[in-house]
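Beneath this line is the structure, given in structure tokens, with notes to follow.
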């Protein structure tokens, strides 16, 4: 009984502490110097064997614009309820979209991951290119040419999207 009381007390304290955590600060502007500093931080934080380092550029719930510094091929993904927009800031890579995730696993309630994509269409992407990946579409950077720096934006889609 005492163990249950201790667990309950710990849960209440943890829940209260979590509830007091501030929501991520709204940030609606980043200068080119801010983005350059985030890229320098991503490069500095990069560890051997780590395919991607992500830094937040902007935040306005429910949207986040992130800087992605990719140096190696990482996992493939499917976002079930949001589209993803990529703007290539620097470098080049090969993006595969469509097909089916290989070795699919659920990472959370809204996302799937895999070791790659079976089938799909490959597209070379380079500095200045913009791509939108619709929700429920497998996508994967199958080749990274040295490194690629992206701005990614996840865009939640309503159930009525595309009905206009």
**Request:** When a/c is below 1.5 the answer is rounded, else prolate if a/b is larger than b/c, else oblate, so apply that to region 86-154 with a ≥ b ≥ c taken from the square roots of the Cα gyration tensor eigenvalues.
**Result:** prolate
**Request:** Place the peptides 54-67, 100-113, 83-96 in order of packing, highest mean first, counting for every residue the other Cβ atoms within 10 Å and averaging per peptide.
**Result:** 83-96, 54-67, 100-113
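None of the figures in this text is laboratory data; all of them are computed from the coordinates on show. Treat the numbers as computed from the prediction; the structure is a model and nothing was measured. Note that each Cβ is placed from the backbone with ideal geometry, even for glycine, and that neighbours are counted across all protein chains shown.
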